[in-house]
Every structure is written in C-alpha cells, then in structure tokens.
Amino acid sequence: MSACIGSQRNPSEMRHDRPKSAQLIRGLEEQLLRPEARTSAERLAALLADDFTEIGSSGRLRQAADHRPVAARGNATNIARFLRAMVGHRYRSRQLEQRIPAIRFSHDEWMARLYGFDPPVEHYTEFYRRVCEQVEEVWPRCLELGIDVVLDFGFWTRQQRDDVSAKVAMIGAQARLYHVTCPEKEEWCRIEKRNTNLRGSLFIARNTFEVLKSRFELLAGDEERVEIAG
C-alpha cells in the first residue's frame, strides 16, 4: 500500500504537473524583465516575495525593496535626459550638462580615456562591456541621490530606450528623450571632421560608420521626445 503525504493525489499525477509548474515559474520570472512590470509598484509587489534577493552582473546584492519604485516610497523625482542621435549628440549633451546642470555619461569618452581613441578590434567588445558595467552602476546612483543625469549613449534601438526608461522609473525619476537630428548627407562629413580632432571621442572609420548606421532604428510615433537640430 502506498500513500502520498499531504495529498490524496497519485504520485504519478504530481510528476505530470511538474512541467506546468516550471512553465508558471518561468513565466513569472520573464514578466520581471518587462518594462510595464518593473515600473509598476503593484505588479512588483505581486511578483516578488518579501525575502527576495538576487546578485546582479556587477556582483551587487539586491533585495525586493530595491526593485520597488522610489516614487512609491515618497521620494522626490528628478530627471534623466537621454539623447538619441547618430551624430551631433556629443555637443548637445555637453550643452545640457552645463545648462541644467547635470552629470553627463558617455560610453565613448570612458572608452577613450581607459583604452585609447582606437581600441584594438579583437578587444573592443570586452572593453565596451567593462565600461558599460561601470557606467550602469554609477548613473542610477546619481539619480537615487537626487542628481540629474544626461545619458549620451546614442540610444539607437527601441529596446535600449525602453530598458533605460524602465530603470529610471524604478528609481522614481523622470525620463526625457531628446532626438538630435542631422541631415543625412552631412552625417559622414561631420564624423570625418571629428576624427581629425577627437577630444576624448572614439575614432570611427567609414566602414564602421556604415555598419552602425544600418543598426539605427527609427523612433516610433508613441515615443515622446524633444526635437533638437544637431
């Protein structure tokens, strides 16, 4: 005679339920990756247990309270301004930095300072990953401390813009997108001119420029932004 403690169900039936349980858990975890879930205090409260903990890619330990929007806890909001552009964003981001004032972050400038203006191709991906991890640790902390930031990252894809907007909302701040425009026929001429006087920027060869340009996604109609001539 066999028995299943705590249940009147056959053990074989419970084994059949395991895949369903695994699918449910995976589905709930995937919801945490969506901006609409990560920016909703109510949704996060439903998804995260009070004793939830995780270790991020940077090695930092985060708990459930760290994932809840600061705005829900009564803190004042400030602004993260981020620039979407192919060219012209460096000049405009520096203007914003001085006018607001704010702290400006640029992956390219960190790369140039740490690894030179033209890092070896075989090491570029690893160098860029290191820089991104460091920058991603610092700018959110500035917002948490009530300091406005200007993010000069290019923001070429909708996914990148949505991810940063969600992260800003999680902190309890506001995200403001600036779209820096430039006539297409002038883009390479301006990059070529900049290559002669980099001033902390990365060197961009013509073939690299064309590859990057092909990855540039148009803004969608539902993306609110401030238009700026580059």
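Rounded to the nearest 10 Å², what accessible area does V121 show when all protein chains are kept and the probe is 1.4 Å?
Rounded to the nearest 10, the figure is 130 Å².
Report, please, the projected area of region 131-208 averaged over directions, based on the convex hull of its C-alpha atoms, in nm².
Numbers: hull surface 26.2 nm².
Averaged projected hull area, Cα only: 6.6 nm².
Can you give me the % of accessible surface on region 84-222 that is carbon or sulfur? Probe 1.4 Å, all protein chains present, nothing else counted. Display every interim value, and only then the final one.
Working: 4040 of 7770 Å².
The value for region 84-222 is 52 percent carbon and sulfur by accessible area.
Once ligands and nucleic acids are excluded and a 1.4 Å probe is used, how much of C189 is accessible, expressed in Å² to the nearest 10?
Counting only protein heavy atoms, C189 exposes about 80 Å² to solvent.
May I ask you to compute the full-extension gain from E144 to T181, defined as 0.36 nm times their residue separation minus their alpha-carbon distance, rounded to one decimal in nm? If you can, show how the numbers build up before the last one.
Values: separation 37, 0.36 × 37 = 13.32 nm, distance 3.04 nm.
Gain on extension, E144 to T181, equals 10.3 nm.
Among the lysines, which have Cα under 27 Å from the Cα of K193 when same-chain residues fewer than 8 positions away are ignored?
K185, K213
Mind checking the per residue accessible area of region 131-223 for me, 1.4 Å probe, whole number of Å²? It would help to have the intermediate numbers written out before the result.
Working: 4920 Å² over 93 residues.
Here the residues of region 131-223 average 53 Å² of exposed surface.
In whole angstrom, note down how far apart the Cα centers of region 90-115 and region 155-178 are.
17
Give me the accessible area of Y128, 1.4 Å probe, in Å² rounded to the nearest 10.
80
Ordering W139, W110, W156 from largest to smallest accessible area (1.4 angstrom probe), what's the sequence?
Working: W139 0, W110 80, W156 55 Å².
In descending accessible area the options line up as W110, W156, W139.
The values are calculated or read from the model by the stated rules, or taken from the named source; none is laboratory data. Given the structure is predicted, the values throughout are model-derived calculations rather than measurements. Heads up: the accessible areas ignore ligands, DNA and RNA and are worked out on the full protein's heavy atoms, side chains in. Shrake-Rupley method; radii C 1.70, N 1.55, O 1.52, S 1.80 Å.
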